[in-house]
Amino acid sequence: MFKALKGARHARPFAPWRIVVWLVMLLAALGFVINTYGAILAANAIGALSAEAIAAGGPDPRILTAWSLGYALAAFAVMVLALGTLRWREWGRSAMRVVAGVLAVWAVYTAVVAFHQAQEIGVVLSQAGLPPELLARGMKTRSILMMGVVLKAISVPVLAWLAWVLGSVSVRQQFAQPVL
């Protein structure tokens, strides 16, 4: 009796792309939290720095606040699109294809920049006469940059695959089924 009231459920096959969309959504949520916190800290610093200090070449917290807010809003948009995709919404699927492509291109760009920064740090660290604490800090920074490059190198084919698979016929057909 209750099955008739609920309606027939259409079973969808296991979809590995959903795992990748979940990861994208979770990483976007992490980015949202980090950048929102960064925007709050930068906004608090606006009153702490004088106009003279900024004019003398000091960092402008307004620029940092704007970038952090921009990243937080972009991360929120990615979370919404990923959730729409996970809820089998067609608009989420088509938008998530674009997001995956943009994130893949962004990962390539930032990996190249980080790799060049790690090379520059390596050149500085190869100089003789550096204090041991500066050498240790530089090695740690270089290791973090290189780990980021490796993770981005792994993420590029995964994101490209996600963009491709969300456009495949089999996935589009799954989204054409009614959602209950």
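Derivation of every value follows stated rules applied to the coordinates shown; laboratory data play no part. None of the values given here were measured: they were computed from a predicted structure. Positions of Cβ are generated from backbone atoms using ideal geometry, with glycine treated the same way; all protein chains shown enter the neighbour counts.
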For the charge dipole of the chain, defined by +1 on Lys and Arg C-beta atoms and -1 on Asp and Glu C-beta atoms about the Cα centroid, which residue among LEU103, LEU23, ALA176 has the Cα displaced farthest towards the positive pole? ALA176
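Pop out the Kirkwood hydrodynamic radius of the range 90-180 from its pairwise C-alpha distances, inverse of mean 1/r, in Å to one decimal. Intermediate results must be reported in sequence, preceding the final value.
Values: mean 1/r = 0.0637 Å⁻¹.
This gives a value of 15.7 Å.
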In Å, what Kirkwood hydrodynamic radius results for the chain from the alpha-carbon pair distances? 19.7
Simple Cβ-charge dipole of the chain, Lys/Arg +1 and Asp/Glu -1, about Cα centre, in debye nearest 20: 1200
Ignoring everything except DSSP H segments at least 4 long, calculate the 222 nm mean residue ellipticity for the chain; use -39,500 (n - 2.57) per segment, divide by total residues, nearest 500. -28000 deg cm²/dmol
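Could you state the per residue volume, in Å³, of the convex hull enclosing the Cα atoms of the range 15-87? Each step should come with its number before you reach the end.
Values: hull volume 4.8 nm³, N = 73.
Spelled out: Cα convex hull of the range 15-87, divided by residues, is 66 Å³.
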